[in-house]
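The values are calculated or read from the model by the stated rules, or taken from the named source; none is laboratory data. In this text, all values refer to a predicted model and were calculated from it rather than measured experimentally. Note that each Cβ is placed from the backbone with ideal geometry, even for glycine, and that neighbours are counted across all protein chains shown. We work out accessible area using only protein heavy atoms, side chains counted, and drop any ligands, DNA or RNA first. Shrake-Rupley method; radii C 1.70, N 1.55, O 1.52, S 1.80 Å.
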Amino acid sequence: MGKNTIPALVVAICMAAFCHDLAFSQKPTYARLNINNIGYWYRADGHSRYSPNGTQHIIYPEGTSTATASDGVIWGGYAYLDAARTQPAPGQLFRMGGQFRGTISFQAGKITGFGASAVPQNPADPEVRIYRIRRDYKRMSTSELRLDAAQVNQIGISLATDAHISQVIAQYEKDWNEWPVQNGAPYIDRNRNGRYDKPPAFSDKFTVDSLIAGNYDEPGVSGADPNSPADQVIWTVNNDLNPNSDLFATLPDGIEAQHTLWGYKRTGALGHSLFRRVKIINKGGVDIGGGQKAALYLDSVYIANEADPDLGDFTEDLIGCDTLSSMVFIYNAFARDRQYAAFGIPPPALGFDFLQGPRVPSPGDSAVFDIRRVYGWKNLPLTSFAYFSSGSAIADPPTSVYEGALRFRKMFRGFVPDPSTSPDRLYPFPPNITPSKFPLSGDPVTGSGFVDGLGTQYSLAPGDRRIVLSSGPFTLAPGDTQELVIAYVGGLGADRLSSVSVMKFNDRFVQNTYDGLFQVPSAPATPNVKIAELDERVTLEWGSDLDRVANSENKINNPGDYRFEGYNVYQFPSRSSALSEAKRIAIFDTPSDPTVILDEQFDLKSGQILKVPVQFGTNSGVKRVFEFKRD
């Protein structure tokens, strides 16, 4: 090896059981979550159907086909003028709000005031927009920025110019600096004083690392551990005081909805997932006649996540319901989907995990609310799953007439969306399986139980499915707040059915993350490697920066309390090579066991979850210097 030849090297830290809008605008209408392998478009008024050019919504895997054409949160309940529920609200007793496919009751902006004085915010207000932050935007590489610019402008990456990149940076900075905590946008109260203290501006001396090191507040989302924040967050607020709503022709019920979407920059299960929380607040401002306005008392309320999942070719969808994990999922009916085949991959699977339903009073219990545990309450679970399929015997309810709302009320409670004058009926079930409010609860991977796609009365032929995951009933009195948390989890296997297995495997980690109140393990500090080029050798040293060594080796990464185990040294064929292409050329680990670290991995060949070796040790002791003499 010549003196001036420097191979591509990396020093990696190993832990026991864990290794390591369109154009810039002052008022953007759309935002795109794109921090990992699942992409998501959202609009300021809460509309989540398609992207600005009308071609995408949920993209999975990132950079390939659309997996879902639309999805949204929708609710409905009986409206009264009094707490005793004796005076029905005039006009309509049953009212709905939210989104269903292409129709919404929302308009952008918050509700100002309360009760009779509540009014919708003027949509022309400069702060009425959608916000998107990424805490590492100052550190993004040129390639990351160019990809981001291409995605938000829906152009090829080769067409993303320096001007597009500048627009992306400017919007990130604007949204970071103007994050609307005053309107309900979430923030990380790292100093725990109960208010948002805006952090200093980023500079050469104040970086993203300074936020945690200096115990500063920051915009965004975290859970029980303020030092494991989400890497990218979207937030917007809207209301249903829209007299021109075309959602089932229902009247307003005075709800403000705050929408938060977030994701993590990961390559594991969290890299195939995103989270969505919708808070609904009963603020009022509803016209009750005679020139009067009020906040309504809502009773027997149900809230649901509905979706029109078009996994590639929309005519080939199948669905399933995993009752053990409260998840509904979409997969492909055939081995090949032409949309995904264009990218050289088999059909993936996408799951909608119902992580958290509304809270109801329950002495002695506890619930999760605002990613915190509260006592004297419990969260309602997923109480029913309903579906319909375009053009089938169980078809779409009408969207622009009140009859559609009454049919949707049936689905909220787990019944077929028959005409409102018909008696409630459960979905058809196969012989010898007791009907319930959770149809299609079999296992498509093994073909056992109640599965979709058989072409029978109870198992429709493949087609264009829609799904409704509901929870209730509960009350929503004036001033009350409820929230719903859903995870979107993808999986890509070797074929359509192993994709379902991979998706369920990823969902286990998603559920654990929620159960741990979003304490997300983070990688330890990167070693500060110094390089000395000598005659026919290269020396790497990373022990002289004592602060960095301490941060790398002494940090405990929750949840799971992962401990430092050692360093690996790799040589890569090139700078752009993946770790799978690298050769491990040195191991410096602690003298204590283990010498082999096992972890659960999905095996594509067998379709099974297996414990496989992920790290190997020598128990030779930790060193922080390596001399490289040969290729």
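Data for the structure
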quantity: CD proxy at 222 nm, helix term only [per DSSP H run n ≥ 4: -39500 (n - 2.57); per residue of the chain; nearest 500]; calculated: -3500 deg cm²/dmol
quantity: Leading residue at positive end of dipole, the stretch 287-362 (Cβ point charges), from A333, I345, V360; calculated: V360
quantity: Relative intensity, log₁₀ I(q)/I(0), of the stretch 370-514 from a Debye sum that treats every alpha carbon as a point, q = 0.09, 0.12, 0.15 Å⁻¹; calculated: -0.37, -0.66, -0.99
quantity: Dipole of the stretch 447-543, positive end: most advanced residue of T481, L454, S522 [Cβ charges, Cα centre]; calculated: L454
quantity: Neighbourhood charge, 9 Å Cβ-Cβ cut-off, centred on F388 and excluding it, Lys, Arg +1 and Asp, Glu -1; calculated: +1
quantity: Label selected from (1) 1.11; (2) 1.26; (3) 0.99, the criterion being Rg/Rh (Cα atoms, Kirkwood Rh) as computed here; calculated: (3)
quantity: Given charges at Cβ of Lys, Arg, Asp, Glu: the chain dipole, positive-most of A108, A213, Y40; calculated: A213
quantity: Hits among lysines - C-alpha to C-alpha of K27 under 29 Å, sequence gap 8 or more where chains match; calculated: K110, K138, K174, K198, K265, K279, K283
quantity: Alpha-carbon centroids, the stretch 382-434 and the stretch 93-125: separation in whole Å; calculated: 27 Å
quantity: Net charge of neighbours whose Cβ lies under 11 Å from the Cβ of V622, counting Lys and Arg as +1 and Asp and Glu as -1; calculated: -1
quantity: Among the listed pairs K530/K629; K293/K410; K378/K437, those beyond 18 Å (Cα-Cα); calculated: K293/K410; K378/K437
quantity: Placed amide H near Q56: partners under 5 Å, 5+ positions off or other chain; calculated: S51
quantity: Average accessible surface area per residue within the chain, 1.4 Å rolling probe, Å²; calculated: 41 Å²
quantity: Charge dipole magnitude, Cβ of K and R +1, D and E -1 - the chain, Cα centre, debye nearest 20; calculated: 260 debye
